[in-house]
Ligand SMILES: *Cc1c(COP(=O)(O)O)cnc(C)c1O
């Protein structure tokens with residue numbers, strides 16, 4: 001099956017996460033609007049995964065489009081050391097306002113999620129270094145966690161299921177503990193949480209005083225197989241770290257900006273980190289932009305006469321004004337369009353339709369729903385990125401006009417918030433049809 005719409009230039013492009021030999025050629029897209037992606041032949045696809053979890057309010061949302069155009073005419077870019085500008089100042093203030101509490105108050109801008117994580121890890125290490133506790137260099141991370149594709153991010157995401165084997169000798173050592181994964185009608189979660197927390201306690205007991213930070217995807221682990229945990233679990237993880245002065249990093253690169261039903265997972269869970277990483281949907285899905293936000297207490301350790309106490313680190317496009325303008329417009333849309341209400345309407349449809357398709361004898365196992373995110377496994381096997389069924393299904397869904405990218409046998413839905421009830425129900429009808437046909 002080849003989609004490549006006769007693309008002559010294809011030979012010059014190396015696509016991400018793609019085996020060029022076995023993948024069908026890419027679909028050449030002409031435009032996208034709302035929840036629809038339209039290819040050069042006029043075929044429409046419903047974007048059920050927000051184009052890799054970046055889109056929020058719909059493709060080509062007019063308010064964000066206008067904000068970008070207006071900003072481009074004023075100031076496209078200026079270096080972000082020695083200079084600042086209104087879009088970045090406004091965005092930093094807004095982010096600190098919409099984050100719960102007032103603990104997180106210093107915003108470091110970069111361009112993508114991986115770099116936001118690398119920044120968080122470096123801040124954590126240098127925080128302890130500047131404090132004179134140079135022994136605090138270990139990290140705790142969670143099994144199946146994913147944090148990006150840089151070397152630091154791969155080190156803390158080593159067990160996500162991606163193939164990091166060729167790089168293994170160059171990854172640093174990380175202490176992994178279990179994530180207490182749960183689902184709808186899960187009878188054993190308390191037992192599983194206890195086991196996971198015991199492992200964390202043991203880890204802290206043995207190495208806590210040498211540990212710089214713990215990193216976790218709060219409430220939902222994304223790329224590692226859409227594992228959900230309960231707020232209770234997250235709160236206990238944070239409490240245990242606080243008790244031992246281990247910094248807590250929340251990677252909200254996927255969960256941020258409403259996915260879980262609240263603006264941020266930390267708000268939903270009632271648990272606050274010392275450092276938070278935001279990216280993906282921050283600009284509404286228009287431009288690359290990320291942030292690493294810390295408490296004032298952490299930032300203070302970097303403020304001194306000595307230049308080497310500073311964080312000598314950054315990206316050239318840090319704080320890009322156009323991307324910040326897009327993010328400011330996107331945040332305004334949340335209140336203008338009552339977006340959180342739209343998300344709870346999506347959640348209701350997810351719950352009803354998932355219940356529908358998860359009947360006795362169904363191939364669907366471990367259904368889970370939170371906010372605009374729904375996920376389930378096919379069959380009882382553990383998630384495995386390379387599982388063949390995923391590739392077969394991806395193709396079948398595309399044939400039915402749905403953009404859905406299974407991770408192996410794990411299917412997730414995360415539509416833009418502008419999706420209508422009719423569109424979402426249509427998607428579930430087609431999913432049921434595909435799963436009921438032979439797979
Ligand atoms: C996507 C993702 C990243 C990496 O972000 P990029 O912008 O792709 O570098 C990191 N952490 C989580 C939880 C993610 O979902």
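Summary table
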{"read-out": "Failed criterion for residue 239 (all others in (1) touching a helix residue (DSSP H, G or I) at 6+ places or on another chain (Cβ under 7 Å); (2) in a helix (DSSP H, G or I) hold)", "value": "(1)"}
{"read-out": "Lone qualifier among 71, 19 - being exposed (fewer than 14 other Cβ atoms within 10 Å of the Cβ) and either more than 16 Å from the ligand (Cβ to nearest atom) or at pLDDT below 95 (or both)", "value": "19"}
{"read-out": "Checklist (1) within 22 Å of residue 406 (Cα to Cα); (2) within 14 Å of the chain's Cα centre (by Cα) applied to residue 229, failing item", "value": "(2)"}
{"read-out": "Only one of 233, 228 that is crowded, with 21+ Cβ neighbours inside 10 Å, within 30 Å of residue 359 (Cα to Cα) and touching a helix residue (DSSP H, G or I) at 6+ places or on another chain (Cβ under 6 Å)", "value": "233"}
{"read-out": "Hey, residue 121 away from the ligand (no atom under 16 Å from the Cβ), under 30 Å from residue 301 (Cβ atoms), surrounded by 18 or more Cβ atoms within 10 Å (Cβ to Cβ) and at pLDDT 95 or above or not", "value": "no"}
{"read-out": "So residue 50, is it under 22 Å from the mean Cα position of the chain (by Cα) and surrounded by 18 or more Cβ atoms within 10 Å (Cβ to Cβ)", "value": "yes"}
{"read-out": "Those residues of region 153-179 which are over 17 Å from residue 248 (Cα atoms) and assigned to a loop (DSSP other than H, G, I, E, B), in sequence order", "value": "158, 159, 160, 161, 162, 163, 164, 171, 172, 173"}
{"read-out": "Those residues of region 168-207 which are buried (at least 21 other Cβ atoms within 10 Å of the Cβ), away from the ligand (no atom under 16 Å from the Cβ) and more than 15 Å from residue 239 (Cα to Cα), in sequence order", "value": "177, 180"}
{"read-out": "Flag for residue 234 being over 16 Å from the mean Cα position of the chain (by Cα), closer than 27 Å to residue 49 by Cβ and more than 12 Å from the ligand (Cβ to nearest atom)", "value": "yes"}
{"read-out": "Single condition residue 110 does not satisfy, out of (1) under 28 Å from residue 136 (Cα atoms); (2) surrounded by fewer than 21 Cβ atoms within 10 Å (Cβ to Cβ); (3) within 22 Å of the chain's Cα centre (by Cα)", "value": "(2)"}
{"read-out": "Single residue of region 100-118 satisfying the filter (within 22 Å of residue 263 (Cα to Cα) and out of contact with any strand residue (DSSP E or B) (no Cβ under 7 Å at 6 or more places or on another chain)) that is farthest from the ligand (Cβ to nearest atom)", "value": "102"}
{"read-out": "Criterion (modelled with pLDDT of 95 or more and in contact with a strand residue (DSSP E or B) (Cβ under 9 Å, 6 or more places away or on another chain)) met by exactly one of 439, 419", "value": "419"}
{"read-out": "All positions within region 208-224 that are more than 14 Å from the ligand (Cβ to nearest atom) and either touching a residue at least 60 places away in the same chain (Cβ under 8 Å) or within 19 Å of the chain's Cα centre (by Cα) (or both)", "value": "209, 210, 211, 212, 213, 214"}
{"read-out": "In region 126-141, residue nearest to residue 220 (Cα to Cα) [restricted to those that are crowded, with 19+ Cβ neighbours inside 10 Å and more than 13 Å from the ligand (Cβ to nearest atom)]", "value": "140"}
{"read-out": "Hey, residue 159 touching a strand residue (DSSP E or B) at 6+ places or on another chain (Cβ under 6 Å) and more than 20 Å from residue 276 (Cα to Cα) or not", "value": "yes"}
{"read-out": "Matching strands (runs of 3 or more DSSP E) fully within region 1-113 where at least 3 residues are over 30 Å from residue 271 (Cα atoms)", "value": "29-33, 36-39, 44-47"}
{"read-out": "Subset of region 238-258 [surrounded by fewer than 24 Cβ atoms within 10 Å (Cβ to Cβ) and within 16 Å of the ligand (Cβ to nearest atom)]", "value": "258"}
{"read-out": "Scan of region 259-296 for residues that are in a strand (DSSP E or B) and within 13 Å of the ligand (Cβ to nearest atom), ordered by number", "value": "276, 277, 278, 290, 291, 292"}
{"read-out": "Sole residue being modelled with pLDDT of 95 or more and over 23 Å from the mean Cα position of the chain (by Cα), chosen from 158, 205", "value": "205"}
{"read-out": "Any hit, region 142-152, residues being within 20 Å of the chain's Cα centre (by Cα), surrounded by fewer than 20 Cβ atoms within 10 Å (Cβ to Cβ), part of a helix (DSSP H, G or I) and within 16 Å of the ligand (Cβ to nearest atom)", "value": "yes"}
{"read-out": "Tally of residues being free of Cβ contacts under 8 Å to residues at least 24 places away in the same chain, out of contact with any strand residue (DSSP E or B) (no Cβ under 6 Å at 6 or more places or on another chain) and in a helix (DSSP H, G or I) across region 331-351", "value": "3"}
{"read-out": "Residues located in region 225-255, provided they are at positive phi and in contact (Cβ under 8 Å) with a residue 60 or more places away in the chain", "value": "225, 226"}
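The values are calculated or read from the model by the stated rules, or taken from the named source; none is laboratory data. Please read these numbers as outputs of a predicted model, since none were measured by experiment. All Cβ positions, glycine included, derive from the backbone under ideal geometry; neighbour counts span all protein chains shown.
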